[in-house]
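A short worksheet on the structure shown next.
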Amino acid sequence: MKTKKLGLCAFIMMILTSVFGVTNIGVGFYRMGYAAIPMFIIGGVLFFVPFLFMILEFGTGFKKEAGGIYSWMEKSVSSKYAFIGIMIWYASYVIWMFGKALSIWVPLSFVLFGKDLTTNTIMFNGIDYVPFLLGMLGIILIIIVNSAIKMGPSKFVKISAIGGISVVALNAILIFGGIIVFIIQGGHLNEAISLNALFVSPNPDYNSIMPYMGFVVFAVFAYAGVEAMGGVADELENPKRDLKRGILLSGIFIIICYIVGFLMVGAVMKWSDFPSNVSSLSALFLIMQNLGNNIGGELLGNILMRFTGLGIFLSYLGALIALSYAPLKQLLGATPKEFWPESFQKENKNGIRNKAINIQMLIVIMFLLVKSIVGLFNPDGANALFELVITMTNVGMTVPCLFLIYAWYKFRTNDSLEKDLIMIKRKYVPIITIITLVVVSFGNIFTIIYPFTIGDLSTGIWTIVGPFIFAILAVIIYNKSNKKIK
């Protein structure tokens, strides 16, 4: 039976729904105000579009290989490079699980109580125990999710679907709702826009050069998800005509959506309307509440805020179930079986590798437990914990891009490797490689160095601990296993 091919519009919408996220607008506006707009343009033009070209070239060039990104890096560079790269890629999902296990309670608090109770304090002997309690709740959640996965992730696909649909709905509500408010107010923005507002953040935490430049990491992270497009090229009706056009149009469209999104938040509220105890994670719920207040009063604002909390909570929960196993499965399936204990390959009746998933659970629990205990001796409060979680996730998720970008350069400059699709001309390959590497590297460097410059050793160490530990682990496993193979 002949399968239906993707048209240009469907291709653009597929990229839009996998990349554009209203949560990025909430965090971005809270951290930078309108000053986030130039950063998102830089991230879109200098990273998103060229990186998507790279992924599609990889996907078509290695379409016969089953190992995904591991095969791409192995064939282009070396097996050791590929193994370190995929381990750091896998580490990004471990960090992501750690972060979601802590942050999922914020949207749930808005659903149940209409406010963020996680920012409250429970003081005893001068120590705030809320971050510790969040860590304990996170450990319980990870254990529950681990048990659920063993029953077969397909049983919980509806949770992911509902969460995904609600997040797409929130994207539309914020954009179109903001436009309605803008029209009602006679074309007036509550947060005035000016040239100064585009380059100076109203947030005093982002008025020095290092955190300001470090925000590039978040702007790059806002375009995460493009890796999933690797196998899409063959599904298009007319790849030669539609691929470049679709990527450029979708890139422009997504950048415009982000710009409009920030402006619509400015139409709904001023940056100074954020209360002093707000965190990056709770900003979106307050934005949606203000949107409802402007359109239909406090009742609609309360409904919209709770709906946002429910949608985000379900999307987090569905993603936790799906992404607690999919990256692990790819890691074990793509790499040589000799790299892992034999027990890691044994599956239960639902096709789940029990031993491997249990080890992963213990690793995430270890991160949560250590952070919770350390937090008792170095208490910063829940707000600081959530800011750290976002920073750790941003750095963890963008570092693997460096490995893929360099591997792509080696792939394109190696004439012996088959290339079914050329999106970037050979003469532009070096400059595109340098630009994308610089954008991702500089953002990460500024993000990592800044905490150390202000004496915040805890944040600095936690920001790099995930990729660093897994890189060391990868070298040890590779060297040990490679001797066995030889």
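The values are calculated or read from the model by the stated rules, or taken from the named source; none is laboratory data. This is a predicted model, so every value here is computed, not measured. Here the Cβ is made from the backbone with ideal geometry for all residues, glycine too, and neighbour counts use every protein chain on show.
A few remarks follow.
- So SER103, is it under 28 Å from TYR478 (Cα atoms) and hydroxyl-bearing (Ser, Thr, Tyr): no
- Test set (1) modelled with pLDDT of 85 or more; (2) assigned to a helix (DSSP H, G or I) - ALA192 fails condition number: (2)
- Restricting attention to the stretch 204-223, the residues that are surrounded by fewer than 18 Cβ atoms within 10 Å (Cβ to Cβ) and over 16 Å from ILE448 (Cβ atoms) add up to 3.
- Pairs with Cβ under 9 Å, 6+ apart, first in the stretch 107-121 and in a helix (DSSP H, G or I), second among the charged types (D, E, K, R): SER109/LYS115; SER109/ASP116; PHE110/ASP116; PHE110/ARG306; VAL111/ARG306; LEU112/ARG306
- Checked against the criterion of being assigned to a helix (DSSP H, G or I), without any contact (Cβ under 8 Å) to a residue 40 or more places away in the chain and not aliphatic (A, V, I, L, M), the candidates SER147, SER166 yield just one match: SER147.
- Unmet criterion (only one of (1) closer than 21 Å to TYR212 by Cβ; (2) of a type outside the set (D, E, K, R); (3) in contact (Cβ under 8 Å) with a residue 40 or more places away in the chain) for TRP408: (1)
- From the list ILE259, ILE255, the lone residue that is buried (at least 20 other Cβ atoms within 10 Å of the Cβ), under 25 Å from the mean Cα position of the chain (by Cα) and within 28 Å of LEU402 (Cβ to Cβ) is ILE255.
- Boolean, LEU137 is closer than 30 Å to THR121 by Cα and modelled with pLDDT of 90 or more: yes
Conditions (1) over 28 Å from LYS371 (Cα atoms); (2) of a type in the set (Lys, Arg); (3) more than 21 Å from the chain's Cα centre (by Cα), marked per residue:
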site: TRP408; (1), (2), (3): yes, no, yes
site: ASP420; (1), (2), (3): yes, no, yes
site: THR433; (1), (2), (3): yes, no, yes
site: ILE445; (1), (2), (3): no, no, no
site: LYS480; (1), (2), (3): yes, yes, yes
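- Looking across the stretch 414-470 at every residue that is at negative phi and among the small types (Gly, Ala, Ser), the one that is surrounded by the fewest Cβ atoms within 10 Å (Cβ to Cβ) is identified as SER416.
- Between LEU376, LEU317, LEU369, the distinction of being under 21 Å from the mean Cα position of the chain (by Cα) and touching a residue at least 40 places away in the same chain (Cβ under 8 Å) belongs to LEU317 only.
- The stretch 249-283, subset of a type outside the set (A, V, I, L, M, F, W, C) and not in a helix (DSSP H, G or I), residue modelled with the highest pLDDT: LYS270
So that you can scan it fast, the table gives a plain yes or no per residue for (1) of a type in the set (Val, Ile, Thr); (2) outside any helix (DSSP H, G or I); (3) in contact with a Gly (Cβ under 7 Å, 6 or more places away or on another chain); (4) in contact (Cβ under 8 Å) with a residue 60 or more places away in the chain:
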| residue | (1), (2), (3), (4) |
| --- | --- |
| ILE25 | yes, no, yes, yes |
| ILE42 | yes, no, no, yes |
| VAL45 | yes, no, no, yes |
| LEU52 | no, no, no, yes |
| GLY59 | no, no, yes, yes |
| LYS64 | no, yes, no, no |
| SER71 | no, no, no, yes |
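- Lone qualifier among LEU299, LEU286 - being within 24 Å of the chain's Cα centre (by Cα), assigned to a helix (DSSP H, G or I) and of a type outside the set (Gly, Ala, Ser): LEU286
- Here the condition is being closer than 25 Å to ALA82 by Cα and either of a type in the set (Lys, Arg) or modelled with pLDDT under 90 (or both); of MET361, MET397, it holds for MET397 alone.
- Test for LEU331: is it under 24 Å from the mean Cα position of the chain (by Cα) and farther than 30 Å from VAL278 by Cα: yes
- Unmet criterion (only one of (1) free of Cβ contacts under 8 Å to residues at least 12 places away in the same chain; (2) acidic (Asp, Glu); (3) under 30 Å from LYS75 (Cα atoms)) for GLU298: (3)
- For LEU8: the one exception among (1) among the hydrophobic types (A, V, I, L, M, F, W, C); (2) at pLDDT 90 or above; (3) more than 20 Å from the chain's Cα centre (by Cα): (2)
- Of the candidates ALA334, ALA319, the single residue that is at pLDDT 85 or above and touching a helix residue (DSSP H, G or I) at 6+ places or on another chain (Cβ under 8 Å) is ALA334.
- Tabulated pairs, the stretch 254-268, first farther than 24 Å from MET14 by Cα, second of a type in the set (S, T, N, Q) and not in a helix (DSSP H, G or I), C-beta under 9 angstrom, 6+ apart or interchain: GLY266/ASN190; ALA267/GLN185; ALA267/ASN190; VAL268/ASN190
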